[in-house]
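> Just dropping this structure here.
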Amino acid sequence: AALLKQGKGGKDAGKGFYGYGKKDAPSPLSARELGGLQLSQKDRLHSEKIAERLTLRLANEALHLLEEGVAGRPGSEAALQLDLASVAATFPALRGGILRFAENLGAKKLAADLRNLEIACGSRFAAGEMFSKKAKGGGLF
């Protein structure tokens with residue numbers, strides 16, 4: 001709505017979030033204006049919960065793949081392959097991959113969080129066998 005008030009109605013108006021030039025790149029001014037919008041505390045918490053659910057589910061699926069030998073015989077080499085694949089598929093590289101992320105948080109905490117989500121949201125959040133073993137033994141992925 002703020003862009004419309006400034007006469008930036010989109011492609012038909014020739015200006016808006018995108019520059020509508022040769023590359024149709026985002027307009028820096030509009031990006032700054034949009035960046036100034038604040039999420040309410042409720043929306044921010046909701047976004048964090050969604051991110052947490054997605055990350056936990058992704059970690060659980062990566063462990064299923066590790067268990068099933070999809071990336072090779074379960075072990076550090078297969079875990080590295082899955083970490084590389086997760087980073088290549090947009091998982092934040094600074095976290096080192098989904099299994100490194102899971103390992104840094106700890107198997108016990110992740111297993112407990114998955115259990116809570118399984119109770120709240122259903123069996124799609126059930127921890128895999130390897131996850132449960134790691135949570136009990138405290139071993140590495």
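The values are calculated or read from the model by the stated rules, or taken from the named source; none is laboratory data. For clarity, every value in this text was computed on a predicted model and none was experimentally measured. Positions of Cβ are generated from backbone atoms using ideal geometry, with glycine treated the same way; all protein chains shown enter the neighbour counts. SASA here: full protein model, heavy atoms, side chains in, ligands and nucleic acids out. Shrake-Rupley method; radii C 1.70, N 1.55, O 1.52, S 1.80 Å.
> How many nm is it between the label spots at ALA120 and GLU68, if each spot is 7 Å from the Cα in line with the beta carbon?
Using points 7 Å along Cα→Cβ, the separation is 2.7 nm.
> Measure off, as a whole percent, the carbon and sulfur share of the 1.4 Å-probe accessible area of segment 79-138, all protein chains present.
On the way: 1890 of 3480 Å².
Using a 1.4 Å probe with all protein chains present, segment 79-138 comes out at 54 percent carbon and sulfur.
> Under a 5 Å amide H to amide H cut-off, with H placed in plane at 1.01 Å, what residues pair with LYS15 once short-range neighbours are removed?
Those lying under 5 Å, H to H, from LYS15 are GLY9, GLY10.
> Shifting gears a bit: For segment 8-13, just list the computed ³J(HN,Hα) in residue order, Karplus coefficients 6.51, -1.76 and 1.60, θ = phi - 60°, integers in Hz, with x standing in for Gly and Pro.
Values per residue, Gly and Pro as x: 9, x, x, 4, 4, 7 Hz.
> For segment 93-106, in order, what is each residue's ³J(HN,Hα) by Karplus, 6.51 cos²θ - 1.76 cosθ + 1.60 with θ = phi - 60°, in whole Hz (x at glycine and Pro)?
Those phi angles translate into 4, 5, 8, x, x, 5, 6, 5, 4, 4, 5, 5, 6, x Hz.
> Determine ³J(HN,Hα), in whole Hz, for all residues of segment 76-89 in sequence, where each value follows from phi through the Karplus function 6.51 cos²θ - 1.76 cosθ + 1.60 and θ = phi - 60°; x replaces Gly and Pro.
Using θ = phi - 60°, the values come out as 5, 5, 5, 4, 4, 4, 5, 4, 4, 5, 5, 5, 5, 9 Hz.
> Please list the non-local residues whose amide H lies under 5 Å from the amide H of TYR20, H modeled 1.01 Å from N, same-chain partners needing a gap of 5 or more.
Close amide H contacts, sequence-distant or interchain: ALA25.
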